[in-house]
Amino acid sequence: MSNITNRETDEWLFEITPKGKLIDLNFKEIWRYRDLLWILVRRDIVTVYKQTILGPLWFVIQPLFTSVIFTLVFNGFGSLGTGSVNAFLFNMGGITIWNYFKECFVGTSDTFKKNAAIFGKVYFPRVIVPMSITVSNVLKFFIQFVIFLLFYFYFLSQGKAGIPSIFILLLPILIIAMGMMGLGLGMIISSWTTKYRDLTVAVGFGVQLLMYISAVPYSLGEIKNSNQEWVQIATPFIEYNPLTQVIEGFRNMFFGLETFNIIMLLYVIVFSFFVFFVGLVVFNKTERNFIDTV
């Protein structure tokens, strides 16, 4: 009898139960699988460039090449102004922060499809996979950010980088907001692609369009001063695009082209948390039965 009693009072090491909540982000469980998180982060960083000739240099080449193209097309042929800031540096600033969002969004947008084989065989908190992509992209962003700083200090010494703002201390908040938006939107799209495969193609096309309505290759002030009717119609959509506010905020921190807007920063923070919240709800709901549709 005593043996039976002892068995009844023993606690299980692991217990898997049905999920009854829409939001079930078990931080204790995620912490238990932290080793897996770092393994996935390392995989995302190393394996992608393991068999390439230039390796991590692609992190540097891509923003540099894109900045040169934007400078030639938009500032050269398009005659878009960048104030007292060098056009190349201006474009590189926007591309650097934009790339972090793009990599987080695109990388997490097909989580279920890419990892269906693993998800169907082994149990672990599924949210670790999109989280690992977001974390690994922080390192990629840091590499590109360092390159941006090198050019920034060079042009600053030449008087072609504007005046940095005290609000530059809020830069980590912008980076976190950008990552949360990319992660949240990516989880939403990933959940939808389990049923609608066309979204995988639409993501690549949609990201390119989104870049142009997020003030990456131009300043918000430039289009506000435009006299063209179609630009005036599009201006409200561009201005209240949260991505636009992050990119403009990043530039204003370093270049001081316009007054930093705290109200818009709060708007971005609220929107980021909302998107992440919705993405988490949709991701958890899809996680329960995605294996039957993927």
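All of 74, 90, 112, 101 fail the test of being under 21 Å from the mean Cα position of the chain (by Cα), under 18 Å from residue 255 (Cβ atoms) and either among the hydroxyl-bearing types (Ser, Thr, Tyr) or surrounded by 19 or more Cβ atoms within 10 Å (Cβ to Cβ) (or both), apart from 90.
Of all residues in the stretch 117-158, those that are over 30 Å from residue 84 (Cβ atoms), among the hydrophobic types (A, V, I, L, M, F, W, C) and in contact (Cβ under 8 Å) with a residue 12 or more places away in the chain total 10.
What about residue 134, is it touching a Cys at 6+ places or on another chain (Cβ under 7 Å) and either outside any helix (DSSP H, G or I) or surrounded by 15 or more Cβ atoms within 10 Å (Cβ to Cβ) (or both)?
Values: touching a Cys at 6+ places or on another chain (Cβ under 7 Å): yes; either outside any helix (DSSP H, G or I) or surrounded by 15 or more Cβ atoms within 10 Å (Cβ to Cβ) (or both): yes.
Yes: the conditions hold for residue 134.
Put simply, of 245, 232 the only residue that is without any contact (Cβ under 8 Å) to a residue 24 or more places away in the chain and within 26 Å of residue 152 (Cβ to Cβ) is 245. Restricting attention to the stretch 147-163, the residues being touching a Gly at 6+ places or on another chain (Cβ under 6 Å) and farther than 14 Å from residue 88 by Cβ number 1.
Looking only at the stretch 249-285, count how many residues are outside any helix (DSSP H, G or I) and of a type in the set (Ser, Thr, Tyr).
Going residue by residue through the stretch 249-285, those that are outside any helix (DSSP H, G or I) are 256-261.
Now drop any that are not of a type in the set (Ser, Thr, Tyr), which leaves 259.
Looking only at that region, the number is 1.
Of the residues making up the stretch 186-211, just one is under 30 Å from residue 254 (Cβ atoms) and either surrounded by 22 or more Cβ atoms within 10 Å (Cβ to Cβ) or of a type in the set (Phe, Trp, Tyr) (or both), namely 186.
For the stretch 82-97, the criterion of a residue being closer than 15 Å to residue 218 by Cβ, outside any helix (DSSP H, G or I) and free of Cβ contacts under 8 Å to residues at least 12 places away in the same chain is satisfied by no position.
No value in this document is a laboratory result; all are computed from the given coordinates. Every value quoted in this text rests on a predicted model; they were computed, and no experiment measured them. When we count neighbours, we look across all protein chains shown, and the Cβ atoms used for this are built from the backbone with ideal geometry, even at glycine.
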